[in-house]
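Beneath this line is the structure, given in structure tokens, with notes to follow.
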Amino acid sequence: MANLSSQLEELRGEAEAVLSSTGSAQEVKKDVLLMANIPFPLSAKYHHIAAENMVTENSMGGNRQETMACLQRLSTALNILEKYGCNLTSPNRPKYWRSVKHNNPVFRATVDAIKGGRAVLCLYGYSNQQPDGLSFPDNVMEPDVEKVAAVTLEVMTLRMELEMLSKETHPHPEFFERIIPSLSQQGTPPEQGEDVSVPDELLAPRGEETGGCSLCGGAPSLLCPPCGSIPFCESCDLVFHRHPSRANHKRERTQAPENCTICCAFPVSAHCSTCGQWLCSECDRLYHSHPGQAGHSRTAVTSATPKRAISASLSSWQCVHCTTVNEVQAVLCVSCDRPRLASTPSAGPEEPLQPSTITEWQCKSCTVVNAGSSVLCEVCERPRLATRPPPTPIRPSPHLPELPRGTDTQWVCQFCTYVNSTLSSPVCEMCDLPRPDPAPLPHKPLPPSPIKDVPLPPVKPQTPPTEDPDLKRQKLMREEGLKLIQLIREGEKEGVSPEEVYTSVRISGGNTVTPCDWLKSELPHHLDEICARAASVQQDYKMGHSGNSGAGEDRPGLAAQGGGVQVSRAGAKQAWLSAGGDTEKAVRQVLRDRRAKVRELASLGFSDLARCEEALRLSGGEVRGALSLLQRPLLEPFHQRLWSDEPEPSIDISHPDKQRVCRRLLAVYELPSWGRCELALSLLQDPGAPYTLEDVVQAVRESHDRDFIRRVLAKECPICLSLYPHSKMQSLTSCQCSVCCDCFQQHFTIAVRDKHIRDMVCPVCWEPDINDPEHLNNYFSTLDIQLRECLEPEVYELFHKKLTEQALIKDPKFLWCSHCSYGFIYDGDQLKVTCFQCRNSFCAQCKKPWESQHAGLSCEQFQSWKRENDPEYQRQGLAGYLRDNGIICPNCRFQYALSKGGCMHFSCSQCRYQFCSGCNNPFHTTCTVAQCSVTGLHAHHPRDCLFYLRDWEPPRLQALLQKNGVAFNTDPPHGTQAGVCGVMEQKDEGGRQVDSPCGAQTQPGQAGLCEKHYREYLVSLINGHSIDPAPLFTANEVAVACRRYQVDDRRGENEDDRAYYSRLLRKLIEEVPLGDKVPRKK
């Protein structure tokens, strides 16, 4: 047993792996067969599905035959479940694999018809119940292929066992007989005391003992080796092998049939090897006259039996079901509608055909048996569910002579072999298929069949039939109907309704005048007569209503004194059509309709009967039109107020009639519901509510929650801490902050007038960070729309001016005026530039104020001249040098006459660009260097930046200059203030950036500067001559610099300190260049 268990698990694992990867049931068919043959009970063999419960619950029956029929239905359902599982495990799953619909007829007839079918679908993953079926849960993106493969394998194995059990080839049927006792009982259980014996010959398949057809027991003519050499007759072979799975079987003919395989009436005279048909001469001629079958090769067949004279009985055939004798042309029995070639019904009770066994279907038009998967008939192409067309009634008459075949008054349908009596009919009366091409003209006769025609049976002359009165009456009704349809179509062209045409035809009788002409000439007189008689009778009705007469309505012939209300022609015409053209009935109908309509108008509040009658007359008898006429005077004040130029009166919230106020709110402000109107009114009537009507209406449109509306109507401004409704608050698109409109306007007015363009951010959270140019453009494009409505015109114009300057900074031809800080585009090529704003001049290259001595000299020559000839410049000494070589913004190129000492973080006042004043590298919080781990505001400085060299002592910097042969100053200039440094610096005083002298104490030997600015002076000479400070680095400084600039500092084996640091220094100088943005002015 352990060996069998291991064998079962091994087969199960291999099959599950193949099924989960390919989803093909054919590849695991061998393994499934092996698993089905293993002798295990169902409860031990199946782990996932409840196989034993499914078999017992779906095996209803008192004997083996009934039980096997139930198990066959279970096998069919398992086949469908197997396809569901294979679809889920297939790599190419169907498009709608996530759901199984209950309205699927296959699902209802198979899976839903058994017990336990939906449980298997739940194991597949269809666990979500839907109104129309089952589906996977929404959170499941893909099915569990391994689990589905395991369940599908067990479904396939159980189906295989059931098929083996039904074919009695199961190696161990005792496992099923233990749980289903009825499998051991043969036939219906006998009653107690009754001896019932079933003959063995009745249990044998039909035809085996007698040598006949295996299906109907008739004379066999074919053997099918693929089916086990089972004999078939021609009819059963045609039906049995039409199934797609058996269509390619090669059959062998036992003997040539005696009669034609199509008509089954005349002896065989030809055999077609192409289509395999045995045909008589007439069927051969008709069948092979089709263009697609004209090239078939046929051979003549000589009957082995002596020819017999064809009797007159061949002109009819007897139905094997109801024994009715039918004419030879009839395909279906006239009594039971069964086909001509249907087999003899079995003696036992006919079992209802289960949906799972419907593999073929018979066309109700041409009786051809088609495959179960086809939708249209293969011969007549009619739908599967189409009913049989009503045949032309054929009344047999003993005196009707049978016309010979091929006569000019009949033609035979080549699809259903029905003989049509009408030569001009383009389609067959039986199958509704088109008639084939007519026979060629006499000069091109149809090629005769190579087989000699069989002589037709003699016919007796018969008397012509008498005309059937029912057919004559139907023919007359059809002609009258067609004539009426033609008149209606002509009337539609003239704008006349079908009712008018039909009524005019009835009234005019056999008059030769067309209905349209009669309606134009005679109908107005009839309508006027109806109106006149209705007016007189209506007057009688009014008198009777007052008490003088009570029968005027039913006696239209009475006359009355005085005039009455006239009925319109439209109302009279409608009554005339309803009465079918009868004038008396039309008058009574008019009065009844008028009375009902007057009562309807009176029920709506219009009690004046005279006005109601007049309104009905003017509206042509329509209540809707009369109501509009009666309401028009009532709506006149509303129309006058609607079209007047006077302003709409305001809504009085304190009006005592609350419904009137709510109606006004609903009409004027178009609130969504009556409840919203009452909510708005209650909010406005709250004591001490500071809300306006417009604010409340807008808030009520957005929500019906009272607490939410109160919060919307009372938002606090974070700047002035006042309460405002949401509609009075402003917010930017870059954040969620909201401020009141006044604070919003004041903040941006001050920012535009007194601050930089980059200060125009949210006043609460100071977002967004607009250093990114792309972000800057997107932000200001939306801010421009908001500021246009809230800023004053001159402030808004200044905002656009600053915005334009910000965009022009990126242009290389953009210049800043050194006198007034005005920016503009300069296209000239001269050094002297005149500002458009202050009309002062400056140098376009060095940005210094223009002097006459600069003309004709370069900027370097002009600076040399000033150092040699300008006493004021000489008096300033190195302070003037540091001022002239001050800070230049790398972003907007604005020049500052300031020193670089102190904090190296510099913020440009023009563009707010943040950079290092020593190396011009940007300061940022989001670093672009991948290896950087600093999160705060920082910059990456080169080794020759003032950021690092300012920590060197002046003697060390002087030694570096002396080593490279660069001269430097140590004595102060004549005339300078002793002991105080005069270099200009940018200082932060009270939150504002102010330019002022340094004022620090000077040291001897430092050229009249403080130590900080003297170091700056020496570093400027080092940078101006591009001197590398690395040769003076100490060993520790070399190691720190290598780590800072990601230089490989691994020590070699047996390498001493001197060689190690010398190698690191050379590697640092070679791999890490000096700063490319460091100012190099000399």
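The values are calculated or read from the model by the stated rules, or taken from the named source; none is laboratory data. From a predicted model like this one, the values you see are computed outputs, not experimental measurements. Because the Cβ atoms are built from the backbone with ideal geometry, glycine has one as well, and the counts that use them run over all protein chains shown. Side chains included, ligands, DNA and RNA excluded: accessible areas come from the protein's heavy atoms. Shrake-Rupley method; radii C 1.70, N 1.55, O 1.52, S 1.80 Å.
Among the residues of the stretch 26-42, write down those that are surrounded by fewer than 19 Cβ atoms within 10 Å (Cβ to Cβ) and closer than 20 Å to residue 77 by Cβ. Spell out the reasoning first.
Here is the first cut: in the stretch 26-42, the residues surrounded by fewer than 19 Cβ atoms within 10 Å (Cβ to Cβ) are 26-27, 29-30, 33-34, 37-41.
Residue satisfying the conditions is 29 alone.
Please specify each residue of the stretch 1007-1026 satisfying the condition of being open to solvent by 10 Å² or more (accessible area, probe 1.4 Å) and part of a loop (DSSP other than H, G, I, E, B).
1008, 1025, 1026
Would a scan of the stretch 315-322 turn up a residue that is open to solvent by 80 Å² or more (accessible area, probe 1.4 Å), at pLDDT below 80, over 56 Å from the mean Cα position of the chain (by Cα) and under 22 Å from residue 239 (Cβ atoms)?
Step one: list which residues in the stretch 315-322 are open to solvent by 80 Å² or more (accessible area, probe 1.4 Å), which gives 318.
Filter again for at pLDDT below 80, leaving 318.
Subset that is over 56 Å from the mean Cα position of the chain (by Cα): 318.
Checking which are under 22 Å from residue 239 (Cβ atoms) leaves us with 318.
Yes, some residue in the stretch 315-322 is open to solvent by 80 Å² or more (accessible area, probe 1.4 Å), at pLDDT below 80, over 56 Å from the mean Cα position of the chain (by Cα) and under 22 Å from residue 239 (Cβ atoms).
Among all residue pairs at least 6 apart or on different chains, which show Cβ distances below 6 Å where the first residue, located in the stretch 576-590, is on the phi > 0 side of the Ramachandran plot and the second is open to solvent by 50 Å² or more (accessible area, probe 1.4 Å)?
Pairs found: 581/506; 581/507.
Among (1) open to solvent by 70 Å² or more (accessible area, probe 1.4 Å); (2) out of contact with any Cys (no Cβ under 9 Å at 6 or more places or on another chain); (3) in contact (Cβ under 8 Å) with a residue 24 or more places away in the chain; (4) not small (Gly, Ala, Ser), there is one condition residue 1043 misses while meeting the rest; what is its number?
Of (1) open to solvent by 70 Å² or more (accessible area, probe 1.4 Å); (2) out of contact with any Cys (no Cβ under 9 Å at 6 or more places or on another chain); (3) in contact (Cβ under 8 Å) with a residue 24 or more places away in the chain; (4) not small (Gly, Ala, Ser), only one is false for residue 1043: (3).
Quick one: count up the residues across the stretch 648-661 that are more than 50 Å from the chain's Cα centre (by Cα) and open to solvent by 100 Å² or more (accessible area, probe 1.4 Å).
Total satisfying the criteria: 1.
From 501, 496, which residue is surrounded by 14 or more Cβ atoms within 10 Å (Cβ to Cβ), modelled with pLDDT of 85 or more, part of a loop (DSSP other than H, G, I, E, B) and not acidic (Asp, Glu)?
Working: 501 fails: part of a loop (DSSP other than H, G, I, E, B).
When all the criteria are applied, what remains is 496.
For residue 627, which of the numbered conditions (1) touching a residue at least 12 places away in the same chain (Cβ under 8 Å); (2) aliphatic (A, V, I, L, M); (3) farther than 30 Å from residue 599 by Cα; (4) not in a loop (DSSP other than H, G, I, E, B) fails to hold?
Answer for residue 627: the failing condition is (3).
Would you point out which residue out of 600, 614, 622 is over 54 Å from the mean Cα position of the chain (by Cα) and either closer than 13 Å to residue 527 by Cα or surrounded by 14 or more Cβ atoms within 10 Å (Cβ to Cβ) (or both)?
Values: 600 fails: over 54 Å from the mean Cα position of the chain (by Cα); 622 fails: over 54 Å from the mean Cα position of the chain (by Cα).
After applying the criteria, what remains is 614.
Just one of 16, 9 is open to solvent by 50 Å² or more (accessible area, probe 1.4 Å) and closer than 13 Å to residue 153 by Cα; which is it?
Values: 16 fails: open to solvent by 50 Å² or more (accessible area, probe 1.4 Å).
The match here is 9.
Just to verify a result, which residue in the stretch 113-134, among those that are part of a loop (DSSP other than H, G, I, E, B) and surrounded by 17 or more Cβ atoms within 10 Å (Cβ to Cβ), is modelled with the lowest pLDDT?
First, the residues of the stretch 113-134 that are part of a loop (DSSP other than H, G, I, E, B): 113-116, 125-127, 131-132.
If we keep only those that are surrounded by 17 or more Cβ atoms within 10 Å (Cβ to Cβ) as well, we get 113-114, 116, 125-126.
Values: 113: 84, 114: 88, 116: 88, 125: 91, 126: 90.
Here the answer is 113.
Just to be sure, is residue 93 within 24 Å of residue 117 (Cα to Cα) and part of a loop (DSSP other than H, G, I, E, B)? So that I can check it myself, show each step before the final result.
Values: within 24 Å of residue 117 (Cα to Cα): yes; part of a loop (DSSP other than H, G, I, E, B): yes.
When the stated conditions are applied, residue 93 passes them.
Can you find a residue in the stretch 705-715 that is under 30 Å from residue 908 (Cα atoms) and charged (D, E, K, R)?
Taking every residue of the stretch 705-715 in turn, none turns out to be under 30 Å from residue 908 (Cα atoms) and charged (D, E, K, R).
How about the stretch 716-729: which of its residues are under 42 Å from the mean Cα position of the chain (by Cα) and free of Cβ contacts under 8 Å to residues at least 24 places away in the same chain? Give the steps one after another, and end with the answer.
First, pick out the residues of the stretch 716-729 that are under 42 Å from the mean Cα position of the chain (by Cα): 725-729.
Hit for the stretch 716-729 is 729, nothing else.
Hey, does the stretch 48-55 have a residue that's modelled with pLDDT under 85 and of a type outside the set (Ser, Thr, Tyr)?
no
Let's see how each residue does on (1) modelled with pLDDT of 65 or more; (2) within 27 Å of residue 267 (Cβ to Cβ); (3) loosely packed, with under 13 Cβ neighbours inside 10 Å:
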residue	(1), (2), (3)
417	yes, yes, no
442	no, no, yes
447	no, yes, yes
459	no, yes, yes
475	yes, no, yes
481	yes, no, yes
491	yes, no, no
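Given (1) at pLDDT 70 or above; (2) surrounded by fewer than 15 Cβ atoms within 10 Å (Cβ to Cβ), where does residue 334 come up short, assuming only one miss?
Unmet for residue 334, out of (1) at pLDDT 70 or above; (2) surrounded by fewer than 15 Cβ atoms within 10 Å (Cβ to Cβ): (2).
Identify all residues within the stretch 554-589 that are assigned to a loop (DSSP other than H, G, I, E, B), of a type in the set (A, V, I, L, M) and modelled with pLDDT of 85 or more; write none if there are none.
Of everything in the stretch 554-589, just one residue is assigned to a loop (DSSP other than H, G, I, E, B), of a type in the set (A, V, I, L, M) and modelled with pLDDT of 85 or more, namely 579.
Across the stretch 730-746, what is the total count of residues that are open to solvent by 30 Å² or more (accessible area, probe 1.4 Å) and touching a residue at least 24 places away in the same chain (Cβ under 8 Å)?
Residues meeting the conditions: 6.
What helices (runs of 4 or more DSSP H), lying completely within the stretch 804-897, carry at least 2 residues that are at negative phi, among the aliphatic types (A, V, I, L, M) and at pLDDT below 75?
878-884
Of everything in the stretch 43-94, what is open to solvent by 20 Å² or more (accessible area, probe 1.4 Å) and among the charged types (D, E, K, R)? Give them in sequence order.
52, 57, 64, 66, 73, 83, 93, listed by residue number.
Which of the numbered conditions does residue 996 fail, given that it passes all the others? Conditions: (1) more than 26 Å from residue 1080 (Cβ to Cβ); (2) modelled with pLDDT of 75 or more; (3) open to solvent by less than 30 Å² (accessible area, probe 1.4 Å).
Here residue 996 clears every test but (2).
Just the residues that are surrounded by 13 or more Cβ atoms within 10 Å (Cβ to Cβ), farther than 17 Å from residue 754 by Cβ and in contact with a helix residue (DSSP H, G or I) (Cβ under 9 Å, 6 or more places away or on another chain), please, taken from the stretch 801-821.
807, 814 - these are the residues of the stretch 801-821 that are surrounded by 13 or more Cβ atoms within 10 Å (Cβ to Cβ), farther than 17 Å from residue 754 by Cβ and in contact with a helix residue (DSSP H, G or I) (Cβ under 9 Å, 6 or more places away or on another chain).
Go through (1) in contact (Cβ under 8 Å) with a residue 40 or more places away in the chain; (2) open to solvent by 40 Å² or more (accessible area, probe 1.4 Å); (3) more than 17 Å from residue 154 (Cβ to Cβ) one by one and return the number of the condition residue 109 breaks.
(2)
Only one of (1) free of Cβ contacts under 8 Å to residues at least 12 places away in the same chain; (2) over 30 Å from residue 767 (Cα atoms); (3) in contact with a helix residue (DSSP H, G or I) (Cβ under 9 Å, 6 or more places away or on another chain) is not met by residue 687, so which one is it?
For residue 687, the exception is condition (3).
Residue pairs, Cβ under 8 Å, 6 or more apart or interchain, first in the stretch 160-184 and within 12 Å of residue 37 (Cβ to Cβ), second part of a helix (DSSP H, G or I) and open to solvent by 70 Å² or more (accessible area, probe 1.4 Å). List them.
160/33
Just to verify a result, which residue in the stretch 777-800, among those that are of a type in the set (Ser, Thr, Tyr) and modelled with pLDDT under 85, is surrounded by the most Cβ atoms within 10 Å (Cβ to Cβ)? Spell out the reasoning first.
Within the stretch 777-800, the subset of a type in the set (Ser, Thr, Tyr) is 779, 781-782, 796.
Okay, now just the ones that are also modelled with pLDDT under 85, so 779, 781-782.
On the way: 779: 20, 781: 10, 782: 12.
So the residue we want is 779.
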